[in-house]
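To start, the structure under review is shown below, and the notes come after it.
The values are calculated or read from the model by the stated rules, or taken from the named source; none is laboratory data. Being a predicted model, the structure only gives us computed values, none of them experimental. Note that each Cβ is placed from the backbone with ideal geometry, even for glycine, and that neighbours are counted across all protein chains shown. Just the protein is used for accessible areas: all its heavy atoms, side chains included, with ligands, DNA and RNA removed. Shrake-Rupley method; radii C 1.70, N 1.55, O 1.52, S 1.80 Å.
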Amino acid sequence: MKVIFENVTKKFGNFTAVDNLNVKFKDGEFVALLGPSGCGKTTTLLMIAGIYKPSSGKIMFDDKVMNDVLPKNRNIGMCFQSYALYPHMTVFENIAFPLKLKKMSKDEIKKRVMQAANKVEIGHLLDRKPGQLSGGQQQRVSLARALVKEPQIMLLDEPLSNLDARLRINMRAEIKKLQKDLGINMVLVTHDQTEALTMADRIAIMNNGKLQDFDIPEELYENPKNLFIANFIGNPPMNFIDVELVEEEGKYFVKNEVIKLELPESSRERFDFSSCSKQLVLGIRPEDLTITESKCNTLQAEIYVVEPLGRDKLVNVVIGERKYKIIAPPKFNADTGDKVNISLNFAKIHLFDKTSEGSIRRNRV
Amino acid sequence: MGLIQKDRLETIIPRVMVYVVLVIVSLPLFIAYGWLFLNSLSDGAFGGIIPNKFTLQNWRFLWSEVRIGTTAFQSIWPITWNTFVLAAGITVIEILIAALSGFALSRMKFAGKDLIMKLTIFLHAFPGVALLIALYIVLQKLNLLDKLLGVILVKVALELPMATWMMKGFFDGIPWDIEWASYIDGCNRLQTWWKIIIPQLKPGIAAVAIFAFMSGWSEFIYAFTFIYSPENYTLAIYLKNLIGDFKMLDYGLLCAAGLFYMIPTILFFIFSQKSLMKVSFGGVKGPN
Ligand SMILES: Nc1ncnc2c1ncn2[C@@H]1O[C@H](COP(=O)(O)OP(=O)(O)O)[C@@H](O)[C@H]1O
Ligand SMILES: [Mg+2]
């Protein structure tokens, strides 16, 4: 089933929580809604569920306008951030509740509840009350309750945020597998970019109620459209340097008080220098920086601290006043205060207009 | 003196002080009730401190007709039943309405909601006694004068604002997520109210019910004004009539009847302390 937002805006009083959202989820797609806290993710989810009505615009499932359809008639399963289990019912009764409302037979209910409970491995907890469960167990009960209806769309609001690290990594895979097995639409809300990148087919990234971009994870990572996306996606985060663009003797340079780098010829194809402003932000990911011997077209930096990450090392350096992060091979060794040269992988640099914050990358044809 | 002993002393002293204060505060009450109890079992003590001979005579109203001077009082049991009907009627109607109106005020968005909220508080602040004459006329017109139902309706009307506010406070305490989850699971509003909200509201309902029952049980002024046939009397009126003739006042009998009147109240308090503790007003304001 396709889910389509057409000019959807949601206001609370004067406050715009979701601002003119236009997006289309494909049938059977796993979509992540990613953004910082308060950017309107939950509001968007609740509009799909029918709990909130859009202030304006249309929400469609396939070609049916859903604005006025009640939540109970939408065939949706939802896990709330707070789990929202019914405290006065046992785990079994919680999971059975949607089926009871559908007036299913007792045997059928029992069969389905057992199936759903076993899928999330809580078969042994069916007689307990939610108050007697740990956060992770409650989480899985709420998943089972959403699953048991065999909904067409599953909505998950920060489902993993309260789990410990190991369980979270396991559940990530479990949920993804589940979605692929069932072939249903899944919308996952998260503020954790790793979760979004690892689980979703496509990511809708939001900020301040506005959709920033909607694309596959690789594309968001490789070609962020603006500074916000560049900053939000990637861990450790991208390094940013404020620079000025100058042209000398037919060559382009970026420079500030402490650095001056020549941009290679090929960058003219990637970036549109002719129409952009001169004040730019250069972005480069930690893995696209290397520590070298060469002094040619490199940055001069001082080691601040080295953090071993296991597989490799995260080197923090200082250039001028500001700190930057570099991924170095595990054998790299240096002490605080050592002077090093850093070269950039110019094919992987990003340039953003400082005022508009948009990338000055040319649109590919 | 060892350090440990000193520490122990420091934790014990405040506790002892708390008990001392509590005992001082509650002693007069204890003495009063104790005196009442002893007097109800003693013969001929005229408000004396030390009871006289033991007797059950004062409790004779339980099994026989009571006469004071020339007045004969009818059996107390139908009157007790009337009092119970009055209190229970008030409780049931009040709970039913307050549970629905509290839900609406807490959860739904509609025009004039704020106005209604303010008006209910205003109504509550309004002294009910000032309405006595107006209510008398209204009841007369409705043909509800001298009927328990009339008193029940008046009491419910006057207490409903408070009960609604209390209920709203309890509804406010239930997270929206749980309600939303039930809508998504397939409930309509009424089903959500009945299957999800009300079960979580039991302590709140109990508290409101206790207050309603108590105030119904001890209701005097409306019952006394609106009811005049002896077969519709309640215990409060019965007690009032016992005192009616000061020259003939039988204190032993009055003590016993007063105690009898208090028994349900005391039992209620003993069994419902926990629920009463949970009463709170206002509470968190949810979205919408
Ligand atoms: N019912 C509401 N009434 C008023 N403001 C709300 C309501 N729900 C959400 N908001 C506001 O809308 C913004 C987006 O909220 P939400 O969608 O919950 O964000 P998140 O992305 O963290 O899930 C927040 O600033 C929040 O304060
Ligand atoms: Mg949220």
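When you check B:A111 against the structure, is it of a type in the set (G, A, S), in the same structural domain as B:F224 (by TED's automatic domain parsing), at pLDDT below 90 and open to solvent by 40 Å² or more (accessible area, probe 1.4 Å), yes or no? Yes, satisfied.
Within the stretch B:175-193, residues that are more than 7 Å from every other protein chain (Cβ to nearest Cβ) have Cβ atoms under 7 Å from residues that are part of a helix (DSSP H, G or I) and acidic (D, E) in these pairs: B:T192/B:E179, counting only partners at least 6 apart in sequence or on another chain.
Going by what's in this entry, would A:S161 be described as polar (S, T, N, Q), within 16 Å of ligand 1 (Cβ to nearest atom) and surrounded by fewer than 18 Cβ atoms within 10 Å (Cβ to Cβ)?
yes
The selection criterion, being of a type in the set (D, E, K, R) and within 14 Å of chain B (Cβ to nearest Cβ), does not hold for A:K26.
Condition check: at pLDDT below 95 and away from ligand 1 (no atom under 16 Å from the Cβ). Does A:N75 satisfy that?
Details: at pLDDT below 95: yes; away from ligand 1 (no atom under 16 Å from the Cβ): yes.
When the stated conditions are applied, A:N75 passes them.
Considering A:F97, A:F80, A:F92, the condition of being within 16 Å of ligand 2 (Cβ to nearest atom), within 21 Å of A:K129 (Cα to Cα) and buried (at least 16 other Cβ atoms within 10 Å of the Cβ) is satisfied by A:F80 alone.
If you check B:F103 against the conditions, is it assigned by TED's automatic domain parsing to the domain that holds B:S229 and in contact with a Phe, Trp or Tyr (Cβ under 6 Å, 6 or more places away or on another chain)? Reasoning before the result, please.
Details: assigned by TED's automatic domain parsing to the domain that holds B:S229: yes; in contact with a Phe, Trp or Tyr (Cβ under 6 Å, 6 or more places away or on another chain): yes.
The answer is yes for B:F103.
Conditions tested, residue by residue: (1) touching a Pro at 6+ places or on another chain (Cβ under 9 Å); (2) of a type in the set (S, T, N, Q); (3) outside the structural domain of A:L263 (by TED's automatic domain parsing).
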| site | (1), (2), (3) |
| --- | --- |
| A:E307 | no, no, no |
| A:L314 | yes, no, no |
| A:I319 | no, no, no |
| A:I327 | yes, no, no |
| A:P330 | yes, no, no |
| A:D335 | no, no, no |
| A:K339 | no, no, no |
| A:S343 | no, yes, no |
| A:S359 | yes, yes, yes |
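Among residues of the stretch A:148-185 being within 16 Å of ligand 2 (Cβ to nearest atom) and at pLDDT below 90, the one that is nearest to A:S37 (Cα to Cα) is A:S161.
Taking the conditions exactly as written (aliphatic (A, V, I, L, M), over 17 Å from A:Q193 (Cβ atoms) and open to solvent by less than 10 Å² (accessible area, probe 1.4 Å)), does A:A49 satisfy them or not?
Taking the combined requirement at face value, the residue satisfies it.
Looking at the stretch A:39-66, which of its residues are farther than 19 Å from A:P151 by Cβ and either more than 8 Å from ligand 1 (Cβ to nearest atom) or touching a Pro at 6+ places or on another chain (Cβ under 7 Å) (or both)? Listed by number, the residues that qualify are A:K53, A:P54, A:S55, A:S56, A:G57, A:K58, A:D63, A:V65.
Can you confirm whether A:D201 is touching a Phe, Trp or Tyr at 6+ places or on another chain (Cβ under 6 Å), surrounded by fewer than 20 Cβ atoms within 10 Å (Cβ to Cβ) and in contact (Cβ under 8 Å) with a residue 24 or more places away in the chain?
Numbers: touching a Phe, Trp or Tyr at 6+ places or on another chain (Cβ under 6 Å): yes; surrounded by fewer than 20 Cβ atoms within 10 Å (Cβ to Cβ): yes; in contact (Cβ under 8 Å) with a residue 24 or more places away in the chain: yes.
The answer is yes for A:D201.
Every condition in (1) within 8 Å of ligand 1 (Cβ to nearest atom); (2) farther than 19 Å from A:I175 by Cβ; (3) within 14 Å of chain B (Cβ to nearest Cβ); (4) open to solvent by 20 Å² or more (accessible area, probe 1.4 Å) holds for A:P36 except the one numbered (3). Answer yes or no: is there a residue in the stretch A:75-88 that is in contact with a Leu (Cβ under 7 Å, 6 or more places away or on another chain) and more than 8 Å from chain B (Cβ to nearest Cβ). Among the residues of the stretch A:75-88, at least one is in contact with a Leu (Cβ under 7 Å, 6 or more places away or on another chain) and more than 8 Å from chain B (Cβ to nearest Cβ), which makes the answer yes.
Please verify whether A:G57 is surrounded by 15 or more Cβ atoms within 10 Å (Cβ to Cβ), within 12 Å of ligand 2 (Cβ to nearest atom) and assigned by TED's automatic domain parsing to the domain that holds A:A204, treating the condition exactly as stated. Working first, answer last.
Details: surrounded by 15 or more Cβ atoms within 10 Å (Cβ to Cβ): yes; within 12 Å of ligand 2 (Cβ to nearest atom): no; assigned by TED's automatic domain parsing to the domain that holds A:A204: yes.
It is false that A:G57 is surrounded by 15 or more Cβ atoms within 10 Å (Cβ to Cβ), within 12 Å of ligand 2 (Cβ to nearest atom) and assigned by TED's automatic domain parsing to the domain that holds A:A204.
Can you pull out every residue in the stretch B:74-108 that is within 19 Å of B:L259 (Cα to Cα) and either open to solvent by less than 20 Å² (accessible area, probe 1.4 Å) or of a type in the set (S, T, N, Q) (or both)? Walk me through how you get there before you give the answer.
Filtering the stretch B:74-108 down to residues within 19 Å of B:L259 (Cα to Cα) leaves B:74-84, B:87.
Within the stretch B:74-108, B:Q74, B:S75, B:I76, B:I79, B:T80, B:N82, B:T83, B:A87 meet the criteria.
For the stretch A:13-32, the set of residues classified as within 16 Å of ligand 1 (Cβ to nearest atom) and on the phi > 0 side of the Ramachandran plot consists of A:G13, A:N20, listed by residue number.
Residue check: A:I59 meets all listed conditions (1) touching a helix residue (DSSP H, G or I) at 6+ places or on another chain (Cβ under 8 Å); (2) aliphatic (A, V, I, L, M); (3) within 13 Å of chain B (Cβ to nearest Cβ) but one, namely (3). Within the stretch B:94-117, identify whether any single residue is within 21 Å of the chain's Cα centre (by Cα), outside any helix (DSSP H, G or I) and over 30 Å from A:Y52 (Cβ atoms), and answer yes or no. Checked the stretch B:94-117: no residue is within 21 Å of the chain's Cα centre (by Cα), outside any helix (DSSP H, G or I) and over 30 Å from A:Y52 (Cβ atoms).
Evaluation of A:I216 against the conditions (1) more than 13 Å from ligand 1 (Cβ to nearest atom); (2) closer than 17 Å to A:C39 by Cβ; (3) among the hydrophobic types (A, V, I, L, M, F, W, C) shows that the sole unmet condition is (2).
Of the residues making up the stretch B:147-174, those that are away from chain A (no Cβ under 14 Å) and outside any helix (DSSP H, G or I) number 1. Just checking, does the stretch A:6-15 include any residue being within 14 Å of another protein chain (Cβ to nearest Cβ), within 18 Å of A:N207 (Cα to Cα) and either of a type in the set (V, I, T) or buried (at least 21 other Cβ atoms within 10 Å of the Cβ) (or both)? Yes: the stretch A:6-15 contains one or more residues that are within 14 Å of another protein chain (Cβ to nearest Cβ), within 18 Å of A:N207 (Cα to Cα) and either of a type in the set (V, I, T) or buried (at least 21 other Cβ atoms within 10 Å of the Cβ) (or both). Residues in the stretch A:90-104 that are outside any helix (DSSP H, G or I) and either within 8 Å of chain B (Cβ to nearest Cβ) or within 29 Å of A:S37 (Cβ to Cβ) (or both): A:K102 alone. For the criterion of being within 16 Å of ligand 2 (Cβ to nearest atom) and in a helix (DSSP H, G or I), A:A196 passes.
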